[in-house]
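The structure appears right after this line, and notes come after that.
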Amino acid sequence: QVHLVESGGGLVQPGGSLRLSCVASKMIFSIYDMGWYRQAPGKQRELVADITSGGSTNYADSVKGRFTISRDNAKNTVYLQMNSLKPEDTAIYYCNARYTSGAHFGQGTQVTVSS
């Protein structure tokens, strides 16, 4: 059973930065496409960014130029560097792993952007 554990969330002021990490286990990390989703109160879960097994990246328009997704296959870890954070980035951020066998989510980490 794929296991994903997110960390790095917290409270940050507008304009600040956070780096989220997601450590994966019980899977062959390098063959999975990985992503970050978020869900704000009262809203549907949405894709923030993803990175394929080959390293190609994709971003939601709302975070382009501010967020960067990366992966370290040696550490079974995917990262989301978030800069210039805005109050509308406040949400629970979930790590996602996708392969032909299915998709998996972690438990999430809370990000709150507020002064």
Which residues, taken from segment 84-99, are within 15 Å of residue 67 (Cβ to Cβ) and in contact with an Asp or Glu (Cβ under 6 Å, 6 or more places away or on another chain)? 95
Residues (under 23 Å from residue 102 (Cβ atoms), in a loop (DSSP other than H, G, I, E, B) and open to solvent by 40 Å² or more (accessible area, probe 1.4 Å)) located in segment 4-49: 26, 28, 44, 45
What are the residue pairs meeting all of these: first residue in segment 17-32, first residue within 13 Å of residue 69 (Cβ to Cβ), second residue polar (S, T, N, Q) and in a strand (DSSP E or B), Cβ atoms under 7 Å, and 6 or more apart or on different chains? 19/81; 20/109; 21/7; 21/77; 22/77
In segment 69-96, how many are more than 25 Å from residue 41 (Cβ to Cβ) and among the small types (Gly, Ala, Ser)? 2
Could you pull out every one of the strands (runs of 3 or more DSSP E) wholly within segment 60-115 that has 3 or more residues that are at pLDDT 95 or above and open to solvent by less than 50 Å² (accessible area, probe 1.4 Å)? 67-72, 77-82, 91-99, 109-113
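If you take the residues of segment 4-41 that are of a type outside the set (Phe, Trp, Tyr) and at pLDDT below 95, which of them is nearest to residue 89 (Cα to Cα)? Break it down into steps so the answer makes sense when it comes.
Filtering segment 4-41 for residues of a type outside the set (Phe, Trp, Tyr) gives 4-28, 30-31, 33-35, 38-41.
Now restrict to residues that are at pLDDT below 95: 25-28, 30-31, 41.
On the way: 25: 28, 26: 30, 27: 30, 28: 31, 30: 28, 31: 29, 41: 11 Å.
Here the residue is 41.
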Taking segment 50-59, which residues are open to solvent by 50 Å² or more (accessible area, probe 1.4 Å) and not in a strand (DSSP E or B)? 53, 54, 56
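The values are calculated or read from the model by the stated rules, or taken from the named source; none is laboratory data. As the structure is a prediction and not an experimental result, all values here were calculated from the model. Note that each Cβ is placed from the backbone with ideal geometry, even for glycine, and that neighbours are counted across all protein chains shown. Just the protein is used for accessible areas: all its heavy atoms, side chains included, with ligands, DNA and RNA removed. Shrake-Rupley method; radii C 1.70, N 1.55, O 1.52, S 1.80 Å.
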